[in-house]
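Since every read-out is calculated from the coordinates, none of them should be taken as a lab result. Just so we're clear, the structure is a prediction, and the values are computed from it rather than from any experiment. Cβ placement follows ideal geometry from the backbone for every residue including glycine, while neighbour counts extend to all protein chains displayed.
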Amino acid sequence: MKITRKEVEHVARLARLELQPEEVERLTIQLDTILNYAAKLDELDTGGVAVTTHTQGAGNVFREDLVHEALNREQALANGPDQNGEAFVVPRIIS
Amino acid sequence: MEFFSLTLAQAKKQLELGNITSVQLTESILSRIAAVEPRVKAFITLDRDGALAQAEAADRQRRAGVAGELCGLPLAVKDVLCTSTMRTTCGSKILENFVPPYDATVIKKLKDAGAIIVGKLAMDEFAMGSTCENCAYNVPENPWKPGYVAGGSSGGSAVAMAADESLASLGSDTGGSIRQPASLCGVVGMKPTYGRVSRYGLVAFASSLDQVGPLTKDVRDCALMMNVISGHDQRDATSVDTPVPDYTAALQDGLKGVRIGVPPEYFSQGLDPEVEQVVRTGIEMLREAGAEIKEVSLPHTEYCVAVYYLIAPAEASSNLARYDGVRYGYRAGDADSLVEMYSKTRSRGFGDEVKRRVLIGTYALSAGYYDAYYKKASRVRTLIRDDFKTVFDQCDLVVSPVTPTPAWMIGEKADDPLALYLSDILTISANLAGIPGLSVPAGFSGSGLPIGMQMQAAHFNEEVLLRAAWNLELRAGIKDRKPELG
């Protein structure tokens with residue numbers, strides 16, 4: 001097994017996903033199949049090979065630090081499921 | 001001939017000649033949508049009133065002599081592109097009521113050119129899928145055969161072309177999501193070079209792989225759309241500042257001096273004999289057009305799927321962290337703490353495939369596994385990119401099938417994620433290498449399902465793809481064949 005039930009539960013917690021027991025069961029099998037397939041990459045010796053992030057080798061992009069027109073507060077808050085006109089409202093963090 | 005069956009270029013010509021108005025054209029498209037939508041289910045959101053209002057405005061502009069390149073032409077776009085006047089769901093329940101505060105750069109470019117955005121097209125949730133079965137709203141059906149998949153993830157965009165529900169459309173392609181549905185539905189689809197088209201306002205799936213591109217009824221329309229959407233954008237730091245040519249100038253009859261590579265790795269086991277037959281016949285047509293055909297090798301092809309299904313989920317798990325119920329989208333209302341609110345929101349808002357990929361990605365990036373999975377995959381990605389570099393010293397483009405089989409029945413592969421991932425094997429490499437790829441109709445299976453040919457070229461060489469595709473289209477003789485939709 002590449003991945004256990006317990007690991008799936010751990011990763012789900014990291015990803016902020018709540019899984020039902022039968023989902024954990026099914027996903028453990030599916031993830032194991034996929035990770036076993038991915039182990040195919042171990043056939044290749046990549047010791048001296050650099051990683052690719054941007055395929056044309058682009059680096060950082062700089063621009064002048066200028067003020068541009070941006071969303072106003074009303075627009076920025078418009079899609080908030082709970083907002084009070086000034087901020088997004090969320091459940092209490094500190095009890 | 002009904003207006004809705006015109007190509008983009010033909011409709012543009014008729015508008016310019018004054019033979020039709022944008023209102024007539026838009027009404028024709030809207031009535032076509034009403035007639036065929038129950039059968040093909042391509043749209044998530046339709047904006048009839050908005051479209052007609054835009055058409056009236058376009059007609060006024062044209063009378064005033066200020067018509068843009070696409071003035072008055074009704075289009076539709078994949079629901080992954082932000083539109084300030086229409087909700088943008090990404091095929092997900094979590095964004096059911098999300099109306100973006102801005103337009104994606106490509107949407108702005110279309111609007112600035114005068115195009116009318118009629119509606120938003122169905123897709124797999126967050127573009128994760130190859131069939132559109134992961135769409136939380138409706139599952140589009142292949143116009144050529146009821147009950148068959150349209151492909152994905154830009155399935156709605158391909159269906160809208162094949163069913164004449166729009167004159168042209170946009171999709172996005174992370175591992176084949178434009179080319180695969182284009183092939184399965186018998187239309188033209190282009191994934192441009194990474195960086196050719198701005199990703200600003202394209203809802204992110206895997207940022208190092210995603211690219212916006214056109215799906216159209218023919219090759220000329222693809223070139224027209226590329227002229228409008230290409231170019232550098234300050235708002236997308238990965239877009240590249242390279243001059244945009246007039247892509248329609250690439251549509252020359254004849255392929256003298258063009259070297260075409262055929263990689264045996266793309267014709268290996270699992271390839272449907274009918275698909276192979278159609279593609280090999282297409283290659284002969286390209287030879288007759290004057291191209292030189294030679295065998296080339298892409299030795300790391302067999303590793304593409306494994307690399308992709310580590311890199312794409314890893315990037316997705318990071319990109320999709322933003323759906324937490326705070327700033328937009330669905331929020332679970334019954335949570336006592338912030339963390340519980342996040343978890344409940346995401347568990348109810350995301351579908352199965354999205355959860356699966358977020359989990360794979362989180363695992364591949366988690367402590368102790370990063371080097372073994374994500375980093376390893378990123379190194380093999382370099383080998384795949386280098387394969388293409390070598391090949392493009394020997395030829396100008398590489399041709400192959402797009403998919404190992406024609407369309408299959410809805411539900412047929414829905415329970416086996418890995419089997420479905422493996423069907424992406426022929427399209428993934430273009431995204432990993434960042435090169436442009438195109439699917440052009442090449443023929444049909446015995447049961448009447450379309451089969452496309454894939455063409456891939458070096459970075460920023462979209463022109464040679466359009467030229468080769470144009471020559472195949474001229475010779476394949478299937479351009480006027482349309483599905484029976486009553």
| said: Quick check for me: using +1 on Lys/Arg Cβ and -1 on Asp/Glu Cβ, what's the dipole size of the protein assembly as shown about its Cα centre, in debye to the nearest 20? | reply: 460 debye
| remark: As straight-line cross-link partners of residue B:256, the qualifying lysines (C-alpha separation under 19 Å, not fewer than 8 residues apart within one chain) are B:294
| Can you give the average number of partner chain beta-carbon atoms within 10 Å of each beta-carbon in peptide A:1-12, as a whole number? | 3
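Give the average, rounded to an integer, of partner chain Cβ atoms located within 10 angstrom of each Cβ in B:331-342.
Working: counts 6, 2, 3, 0, 2, 3, 5, 5, 4, 3, 5, 6.
Per-residue shielding by partner chains comes out at 4.
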| Taking every DSSP beta bridge that has both residues in chain B, what percent is antiparallel when rounded to the nearest 5? | 70 percent
| remark: Sorted by chain and number, the residues with a modelled amide H under 5 Å from that of residue B:79, at a separation of 5 or more or across chains, are B:121
| task | Can you pull a Stokes-Einstein diffusion coefficient for the stretch B:37-161 at 4 °C (1.567 mPa s), Rh from Kirkwood over Cα pairs, as a whole number of µm²/s? | result | 88 µm²/s
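Once Rh is set to the Kirkwood radius over Cα pairs, what Stokes-Einstein translational diffusion coefficient, in µm²/s, holds for the stretch B:3-256 at a temperature of 20 °C and a viscosity of 1.002 mPa s? Walk me through the numbers on the way to the answer.
Working: Rh = 17.7 Å.
Translational diffusion coefficient: 121 µm²/s.
How shielded is A:39-52 by partner chains, expressed as the average number of their Cβ atoms within 10 Å of its Cβ atoms?
Values: counts 4, 6, 10, 3, 4, 7, 1, 9, 1, 1, 8, 3, 9, 16.
That average works out to 6.
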| Sites matching GluC sites (Glu not before Pro) across the stretch B:1-43 that sit in DSSP coil, with at most 10 neighbouring C-beta atoms within 10 Å | B:2
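Starting with the fewest neighbours, write out B:301, B:89 ranked by other beta-carbon atoms found within 10 Å of each beta-carbon. Walk me through the intermediate numbers first.
On the way: B:301 20, B:89 25.
Ascending Cβ contact count within 10 Å gives the list B:301, B:89.
Suppose we keep just the DSSP beta bridges with both residues in the stretch B:3-256; what percent of those would be antiparallel, to 5?
Values: 15 of 22 bridges.
Within the stretch B:3-256, antiparallel bridges account for around 70 percent of the total.
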| request: Given the peptides B:375-386, B:409-420, B:213-224, B:279-290, arrange them by the average over their residues of other C-beta atoms within 10 Å, most packed first. | output: B:213-224, B:375-386, B:279-290, B:409-420
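Counting helices only, and only those DSSP H runs with n ≥ 4, report the 222 nm mean residue ellipticity of the protein assembly as shown as the sum of -39,500 (n - 2.57) divided by its residues, in deg cm²/dmol to the nearest 500.
Mean residue ellipticity, 222 nm, calculated: -11500 deg cm²/dmol.
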| query | Tell me, what ³J(HN,Hα) does each residue in the stretch B:349-354 have, in order and in whole Hz, if you take phi through Karplus 6.51 cos²θ - 1.76 cosθ + 1.60 with θ = phi - 60° and put x for Gly and Pro? | reply | x, 8, x, 4, 5, 5
| said: List the aspartates and glutamates whose Cα sits under 20 Å from the Cα of residue B:376, skipping any in the same chain fewer than 8 residues away. | reply: A:32, A:42, A:43, A:45, B:302, B:315, B:386, B:387
| message | Rounded to the nearest 5, what % of DSSP beta bridges with both residues in the stretch B:45-121 are antiparallel? | response | 40 percent
| task | Mind ranking B:324-331, B:17-24 by how tightly packed they are, going by the mean number of other C-beta atoms within 10 angstrom, highest first? | result | B:324-331, B:17-24
| request: Starting at the first residue of the stretch B:270-280, write each ³J(HN,Hα) from the Karplus equation 6.51 cos²θ - 1.76 cosθ + 1.60 with θ = phi - 60°, in whole Hz, x for Gly and Pro. | output: x, 7, 4, x, 5, 5, 4, 4, 5, 5, 5
| remark: Too long for a 32 Å Cα-Cα cut-off, among B:109/B:355; A:6/B:375; B:108/B:389, are B:109/B:355; B:108/B:389
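Using the Cα centre as the reference, give the magnitude of the dipole from point charges on the C-beta atoms of chain B (Lys, Arg: +1; Asp, Glu: -1; all else neutral), rounded to the nearest 20 debye.
Numbers: 50 positive and 58 negative charges, 131 e Å.
Value, rounded to 20: 640 debye.
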| Hey, how many Å between the Cα centroid of the stretch B:429-450 and the Cα centroid of the stretch B:237-262? | 18 Å
| Based on the Kirkwood radius over alpha-carbon pairs, what is the Stokes-Einstein translational diffusion coefficient of the protein assembly as shown at 37 °C with 0.692 mPa s viscosity, in µm²/s? | 136 µm²/s
| field | Candidate lysines for bridging to residue B:12, where Cα separation is under 16 Å - those fewer than 8 sequence places away on the same chain excluded | value | B:111, B:217
| remark: At q = 0.06, 0.08, 0.12 Å⁻¹, the log10 of I(q)/I(0) for chain B from a Debye sum over equal Cα scatterers comes to -0.24, -0.43, -1.00
